[in-house]
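Here's the structure, in structure tokens; my notes come after.
Values quoted throughout were computed directly from the atomic coordinates according to the rules given, and no laboratory measurement underlies them. Keep in mind that this is a model prediction, so the values were computed, not measured. Here Cβ is always computed from backbone atoms with ideal geometry, including for glycine, and neighbour counts include all displayed protein chains.
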Amino acid sequence: MNNIWLGFFWRLAAVAVASLLVWPVAGAAQALGLALLLVLLMLLHHVRHLARLSQWMADPRPEAQPDSSGLWEDVFAAFYHLLRRQRRSESRLTATLQDFRKAGMAMPDGLVIVDGGNQIEWCNPKAELHFGLDAQRDLGQLITYLVRQPSFGEALDAAGYSEPLTLRSARGGDLILSVLIVPYEANRKLIISRDVTDRERVETMRRDFVANVSHELRTPLTVIGGFLETIADMETPDPALIRRSVPMMSDQAKRMQTLVEDLLTLSRLESSGNPAREDPVNVPDIARALYHDALALSAGRHKVTLLLESDAWVSGTEDELRSAFGNLVSNAIRYTPAGGEISLSWKDAGSGAVFAVSDTGIGIASHHLPRLTERFYRVDRGRSRETGGTGLGLAIVKHVVNRHAAKLEVTSEPGRGSCFSVVFPESRVSKPDVAAKRA
Ligand code: ADP
């Protein structure tokens with residue numbers, strides 16, 4: 001500013017000097033006229049530049065700086081630098097905002113910002129998915145209108161709510177959400193949603209599993225405990241009772257033992273520290289051994305046949321395959337009344353191979369089929385128990401099948417029989433000469 005004042009006074013002094021020089025030559029009136037003219041020119045110059053400044057301020061782009069010289073050059077230059085600084089900080093701000101926006105978009109959790117009236121200000125794609133929102137269409141809408149669960153509305157109203165809330169997704173279906181509402185800045189709220197469907201499912205499975213195991217153990221323990229108490233209460237043990245009770249207690253103990261063995265097998269199969277092996281496994285040999293086991297188990301009550309149409313081997317874990325196939329064979333015998341037929345087969349199928357066990361037994365209604373491989377799922381609980389079933393056999397089969405990249409296929413018709421097939425893909429199957437070399 002000092003320069004501007006200095007420049008102004010210099011120009012004023014120049015006008016005065018010019019008038020003073022003209023005065024002796026042309027007289028006072030002319031000198032005054034000249035001074036007035038020069039001051040007017042100065043005024044015109046400034047008004048013209050003021051107009052250009054005002055025009056520039058209406059469209060303040062640095063590149064639109066007007067040409068100028070003298071005092072106005074300094075003013076325009078100062079304004080130009082101000083604009084440049086502003087533009088730089090604006091683009092820094094925009095970039096930061098965009099970064100935040102991108103981070104919000106990429107968040108694995110849903111985020112919704114609502115104002116004091118619970119109207120949606122912003123939401124990310126995960127929140128759209130969780131709550132069935134549309135980031136464009138639903139802006140300004142009441143979130144309680146779109147997410148209608150009463151517990152959600154109550155949580156929003158409770159100021160400073162800090163416990164996560166478990167909600168079923170507004171979209172229906174099976175999605176289970178954990179929703180946290182965080183109040184911030186005056187009345188606004190940040191709603192954070194997380195998909196906890198898997199966690200809840202695992203938790204439910206764990207609860208069911210513990211309940212099932214306890215239930216399975218209760219009956220044998222009650223039988224054994226009951227006999228032992230009766231015997232303990234007798235002054236002189238009754239030999240007839242002992243003769244009757246010992247085989248029963250022993251049966252129940254065996255039942256518990258089988259259950260524990262199946263549970264251990266399942267837990268080994270599920271353990272991450274036990275990856276599936278890739279040993280060459282001679283399936284025809286296993287099928288032959290299982291055929292003999294089946295004859296022994298059936299004890300002449302069924303017609304058992306073995307159809308070996310393939311000499312293919314499979315790469316995998318021999319014990320696991322033997323146990324899975326064995327479960328299928330034992331089920332076929334247990335669920336087929338005397339006089340029925342049971343057939344074991346090993347065939348090439350397309351580029352893979354299939355191990356199948358079919359029976360002419362009681363069969364299974366189609367609505368049970370999708371749940372057969374769940375732990376402890378039984379079509380007929382009484383029948384399963386009577387024949388020494390634990391309800392874990394097919395769960396074990398499914399695990400083994402998955403670990404061998406194979407597929408379990410079941411076809412069944414009540415009253416006519418069932419067929420359980422394990423279909424191995426080409427990648428797991430090899431011909432004996434190749435397999436033998438690898439062994
Ligand atoms: P379980 O020990 O009860 O046999 P599994 O897991 O092996 O348990 O089988 C689950 C259920 O599937 C059985 O309880 C039975 O109802 C049914 N099931 C399995 N195999 C057969 C079959 N071959 N024929 C009829 N029902 C079967």
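Data for the structure
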| quantity | calculated |
| --- | --- |
| Span per principal axis, largest first, for the Cα atoms of segment 291-333 (Å) | 34, 22, 13 |
| For segment 81-197, projected area of the alpha-carbon convex hull averaged over all directions, nm² | 8.3 nm² |
| Rounded to the nearest 20 debye, dipole of the chain from Cβ charges on Lys, Arg, Asp, Glu | 760 debye |
| Part-to-part distance (alpha-carbon centres) for segment 243-270 and segment 44-101, which is given in Å | 88 Å |
| Residue-by-residue Karplus 3J(HN,Hα) for segment 42-59, coefficients 6.51, -1.76, 1.60, Hz, glycine and proline x | 4, 4, 4, 4, 5, 4, 4, 6, 4, 4, 5, 5, 4, 5, 5, 5, 5, 9 |
| Debye-sum result for segment 75-128 in log10 I(q)/I(0), which assumes one identical scatterer on each alpha carbon, at q = 0.20 Å⁻¹ | -0.76 |
| Cross-link partners of residue 398 among aspartates and glutamates (Cα-Cα below 16 Å; sequence separation of 8 or more within a chain) | 262, 270, 318, 319, 320, 374, 409 |
| Centroid-to-centroid separation of segment 218-236 and segment 332-349 [C-alpha atoms, Å] | 40 Å |
| Burial ranking of peptide ranges 301-309, 393-401, 234-242, 190-198 (average Cβ count within 10 Å, highest at the top) | 393-401, 190-198, 301-309, 234-242 |
| Column: log10 I(q)/I(0), Debye, Cα scatterers of segment 209-270, q = 0.14, 0.15, 0.17, 0.29 Å⁻¹ | -0.50, -0.55, -0.65, -1.18 |
| P(r) weight above 43 Å for the chain, C-alpha pairs, percent | 55 percent |
| Rel. contact order, % - alpha carbon contacts under 8 angstrom, at least six apart, segment 279-438 | 27 percent |
| Flagged links, alpha-carbon separation over 26 Å, of 347/407; 126/407; 102/189; 254/347 | 126/407; 254/347 |
| Cα-Cα pairs of segment 163-241 separated by more than 22 Å (percent) | 59 percent |
| Cα-only Debye scattering, segment 375-427: base-10 log of I(q)/I(0) at q = 0.30 Å⁻¹ | -1.15 |
| Dipole axis of the chain (+1 Lys, Arg; -1 Asp, Glu on Cβ), positive-most option in 147, 397, 71 | 71 |
| Rounded tilt (10° steps) of 71-106 against the dominant C-alpha axis of the chain | 10 degrees |
| Amide H within-cut-off set for residue 302, under 5 Å, with H built and near neighbours excluded | 339 |
| All-pairs Cα distance distribution in segment 279-438, expressed in whole percent, bin size 5 Å | 2, 9, 19, 23, 20, 14, 8, 3, 1, 0 |
| Cα long-axis angle, helix 318-334 against the chain (0 to 90 degrees, to the nearest 10) | 60 degrees |
| Cα→Cβ-extended label distance, 7 Å offset, between residue 253 and residue 89, nm | 8.6 nm |
| Two-site label geometry, residue 135 and residue 168: point separation in nm, points 7 Å out along Cα→Cβ | 2.9 nm |
| Simple label model, 7 Å out from Cα along Cβ direction - residue 185 to residue 285, nm | 7.2 nm |
| Range of Cα positions in segment 3-101 per principal axis (Å), largest first | 76, 22, 14 |
| Farthest toward positive dipole pole in the chain [+1 Lys/Arg, -1 Asp/Glu at C-beta], among 8, 165, 186 | 8 |
| Principal-axis tilt of helix 393-403 within the chain, Cα atoms, nearest 10 degrees | 50 degrees |
| Calculated P(r) tail over 21 Å for segment 208-331, as whole % of Cα pairs | 61 percent |
